[in-house]
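A quick write-up on the structure given underneath.
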Amino acid sequence: MQGELSPEQITGDTCLVAVDEERILGFVRLEFVGAAPYIRPVAVWPDACNMGVGSKLLRIVLDTHATVRAVSRGPAAEFYRRLGFERTEWNEVHAPFREECDLCPGRTRCAPQPMKFVARKHREER
């Protein structure tokens, strides 16, 4: 992954893609509600997992936005926690995204959790 991004470059619905010389390793898609991005989703190619690809992609987002939200699915909650996200309440999730989970037939298996990263709080804890 190369290059620097400024907050001005990540303002609308965006997809950041990590590539090596030959292929795509992973991506993070951001969907904005007002000024705050939601991660929808972050995904890494299976043979590129545990190489820091997803973390690097999310750090770009976290370094450029004061508040970032996500709905973790399955075992992803621990990944988000390691990056400084905390569980939040469902009523803080944008209604259409909340409804996607409410109506999903796989909700029990998926066990979605609303997550939020607040840069100011994270920096104060350091």
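Applying a threshold of 7 Å to beta carbon distances and a minimum spacing of six or more residues, or different chains, the list of pairs starting in the stretch 64-87 at a residue that is closer than 23 Å to Pro105 by Cβ and touching a residue at least 40 places away in the same chain (Cβ under 8 Å) and ending at one that is surrounded by 15 or more Cβ atoms within 10 Å (Cβ to Cβ) and aromatic (Phe, Trp, Tyr) reads Ala70/Tyr38; Ala70/Tyr80; Ala70/Phe85; Val71/Phe97; Ser72/Tyr80. Residue under question is Arg87, and the condition is that it be modelled with pLDDT of 95 or more, surrounded by fewer than 16 Cβ atoms within 10 Å (Cβ to Cβ) and on the phi < 0 side of the Ramachandran plot; does it hold? Answer is yes for this residue.
The residue that is surrounded by the fewest Cβ atoms within 10 Å (Cβ to Cβ), among those in the stretch 94-120 that are more than 21 Å from Arg59 (Cα to Cα) and hydrophobic (A, V, I, L, M, F, W, C), is Leu103.
Going by what's in this entry, would Thr108 be described as in contact with a strand residue (DSSP E or B) (Cβ under 6 Å, 6 or more places away or on another chain), free of Cβ contacts under 8 Å to residues at least 60 places away in the same chain and polar (S, T, N, Q)? No; evaluated as a whole, the condition is false for this residue.
With respect to Phe117, is the statement that it is in contact with a Ser or Thr (Cβ under 8 Å, 6 or more places away or on another chain) and modelled with pLDDT under 95 true?
Details: in contact with a Ser or Thr (Cβ under 8 Å, 6 or more places away or on another chain): yes; modelled with pLDDT under 95: no.
No; evaluated as a whole, the condition is false for this residue.
Please tell me if Arg81 is surrounded by fewer than 20 Cβ atoms within 10 Å (Cβ to Cβ) and at pLDDT 95 or above. Criteria met by Arg81.
The values are calculated or read from the model by the stated rules, or taken from the named source; none is laboratory data. Everything quoted here is computed from the prediction, not taken from an experiment. Glycine gets a Cβ as well: all are built from the backbone with ideal geometry, and neighbour counts include every protein chain shown.
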